[in-house]
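Right, one structure below, let's go through it.
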Amino acid sequence: MNMKIADTSAQDLIVGQARLKGRRIVIAGTLLLLAGLSVSIFIYVADVFTSGRVLERSAIRVATVERGTLVREVVSQGRIVAANSPTLFTPEQGYVEMAVKAGDTVERDQMLATIISPDLNELLARETANLTRIEAELGRQKIESKRRKLELEQIIAMAQVSKNAMAREKLRADQAVNKKLISQLEYEKADDDLERAELELAQAKQNGELANESLGFDVEALTLQLKSQQLLVDALQRRVHELTIKSPVAGMVGNVQVINRQAVAANQALITVVDLSAFEVEAVVPEGFADDIAPLMDSEITLGGSAYPGVVTAISPEVVNGGVSARIRFADVLPENLRQSQRLTAKIFLENKPNTLIVNRGSFFDGFRGHVYKLQHNKALRVPVVLGSSSLKHIEIVDGLQEGDSIIISALTTNATEEQILITD
């Protein structure tokens, strides 16, 4: 019986063919890698040629557009000033006797100084004497008026008695002439006497009325003169009272501009009193913000590491050294241990815009010409943008960008007119 043993020829491979196939695979992979690399190089070279320049990512600052609240503000250095520091002046010419010195603590209505004015005191004494004289003249005139009125009343009464007597004589004459007891001549005389008595009575009454008017006028004239003199004396007494200089506020004596027993003129500056309970902030704001600041604007005062709310109370209309002076008062309770001329930082809030597209400020916007560079993968494309208001930290984006866009905010070394910039790592 013949048995055939199977060989392994079917499982054998030709060594030359296997090596050739492996080489082909390596060559194909290498070609694919070279092709991919070539494409990448081509794209990179194309980007380089189409881009105006190439920048490293570490050499630029990038900011993302976001939606938030834009707060326009201006920050300036300021100092503490007294909101109420009245300067007192001498009311009259004379010499001064000081009762306090600079730095003294004073209460309201406390005497600070006295002005000695001999001329004013002499004038007051003279006018007071005139007032006394007019009062005496008025009293004498009233007595004289009463006496004259009594005399006039007496004259009128005597005229009335005489008229009544003549009337009775006339009545008797009428009866007698009817009985033929008296002559016609005697009758006519009685009639004339009655008419004369009536005339004298009427004249006495008229004279009495005129005399009363004259006497009343004399009394009224002296009364008016007395009132006028009294007003003059009162005014002089007020002036003498004002020679005592009193503090209008409770606080501290500031600047004393005279020395004790010094001769002073009228309306000369004498002393300044600082109200320690009323301090404000005086801040110098750049001239460019002068038109944007108005009274009642909110502010923030930073003093000693703490922030305090404030309110703008006034803005100076005058520009000095490129700035305007603004006054800010503390909105709440005054901080403790405030000192005159103490330095601080004041921030005034000019505008508050909620729900606004904003982006961080950067030096790129210092020379802004209507375009920014928006990042897109490894490129920065030049796109037109409309900007709005700006604050110390942010700038408003009105048009041209959307929320989430990233832009270059660092300054570029050229005029940045290229349409595209290549960004490399």
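When Gln225, Gln203, Gln160 are checked against the criterion of being touching a Leu at 6+ places or on another chain (Cβ under 6 Å) and assigned to a helix (DSSP H, G or I), Gln160 stands alone in meeting it. The strands (runs of 3 or more DSSP E) located wholly in region 55-107 that include 2 or more residues which are buried (at least 19 other Cβ atoms within 10 Å of the Cβ) occupy 66-82, 94-98.
Exactly one residue out of Leu138, Leu112, Leu124 is of a type in the set (A, V, I, L, M, F, W, C), surrounded by 12 or more Cβ atoms within 10 Å (Cβ to Cβ) and farther than 30 Å from Thr87 by Cα, and it is Leu138. Scanning region 354-374 for residues that are over 18 Å from Leu70 (Cα atoms) and part of a strand (DSSP E or B) yields His371, Val372, Tyr373, Lys374.
The set of residues in region 238-275 being of a type in the set (Lys, Arg) and not in a strand (DSSP E or B) consists of Arg238, Arg239, Arg261.
For region 281-333, the candidate set comprises residues that are in a strand (DSSP E or B) and among the acidic types (Asp, Glu); within that set, the residue that is nearest to Gln77 (Cα to Cα) is Glu282. In region 203-215, the residues that are over 12 Å from Lys146 (Cα atoms) form Cβ pairs under 9 Å with partners that are of a type in the set (Val, Ile, Thr) and surrounded by 13 or more Cβ atoms within 10 Å (Cβ to Cβ), at six or more places apart or across chains, as follows: Ala204/Ile155; Ala204/Ile156; Lys205/Ile156; Asn207/Ile155; Asn207/Ile156; Gly208/Ile155; Gly208/Ile156.
Which members of region 375-400 meet the condition of being closer than 16 Å to Val54 by Cα, in contact with a helix residue (DSSP H, G or I) (Cβ under 8 Å, 6 or more places away or on another chain) and either of a type in the set (Ser, Thr, Tyr) or part of a strand (DSSP E or B) (or both)? Of everything in region 375-400, just one residue is closer than 16 Å to Val54 by Cα, in contact with a helix residue (DSSP H, G or I) (Cβ under 8 Å, 6 or more places away or on another chain) and either of a type in the set (Ser, Thr, Tyr) or part of a strand (DSSP E or B) (or both), namely Lys379.
The residue of region 196-247 that is farthest from Met111 (Cα to Cα), among those that are of a type in the set (Asp, Glu) and loosely packed, with under 13 Cβ neighbours inside 10 Å, is Glu209. Would you check if there is a residue in region 116-129 being on the phi < 0 side of the Ramachandran plot and in a strand (DSSP E or B)? Yes - at least one qualifying residue is present in region 116-129. Considering Glu403, Glu336, Glu351, the condition of being over 30 Å from Gln420 (Cα atoms) and in a loop (DSSP other than H, G, I, E, B) is satisfied by Glu336 alone.
Results for (1) touching a residue at least 40 places away in the same chain (Cβ under 8 Å); (2) crowded, with 16+ Cβ neighbours inside 10 Å; (3) within 18 Å of Gln93 (Cα to Cα), shown as yes or no for each residue.
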{"position": "Val253", "(1), (2), (3)": "yes, yes, no"}
{"position": "Val258", "(1), (2), (3)": "yes, yes, yes"}
{"position": "Asn267", "(1), (2), (3)": "yes, no, yes"}
{"position": "Val274", "(1), (2), (3)": "yes, yes, no"}
{"position": "Glu282", "(1), (2), (3)": "yes, yes, no"}
{"position": "Asp292", "(1), (2), (3)": "yes, no, no"}
{"position": "Met297", "(1), (2), (3)": "yes, yes, no"}
{"position": "Ile301", "(1), (2), (3)": "yes, yes, no"}
{"position": "Gly305", "(1), (2), (3)": "no, no, no"}
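Taking region 156-209 as the range and being modelled with pLDDT under 80 and β-branched (Val, Ile, Thr) as the test, the residues that pass are Val177, Ile182.
Could we say that Val372 is in contact (Cβ under 8 Å) with a residue 12 or more places away in the chain, of a type in the set (Val, Ile, Thr), under 29 Å from Glu56 (Cβ atoms) and in contact with a helix residue (DSSP H, G or I) (Cβ under 9 Å, 6 or more places away or on another chain) here? Taking the combined requirement at face value, the residue satisfies it.
Applying the set (1) in the same structural domain as Leu152 (by TED's automatic domain parsing); (2) in contact with a Leu (Cβ under 9 Å, 6 or more places away or on another chain) to Gln257 leaves exactly one unmet item: (1). Contact map, region 176-190: first residue part of a helix (DSSP H, G or I), second residue surrounded by fewer than 10 Cβ atoms within 10 Å (Cβ to Cβ), Cβ cut-off under 9 Å, separation 6 or more or different chains; pairs are Val177/Gln184.
The values are calculated or read from the model by the stated rules, or taken from the named source; none is laboratory data. Quick caveat, the model's predicted, so the values are computed rather than measured. All Cβ positions, even for glycine, are placed from backbone atoms using ideal geometry, and neighbour counts span all protein chains on display.
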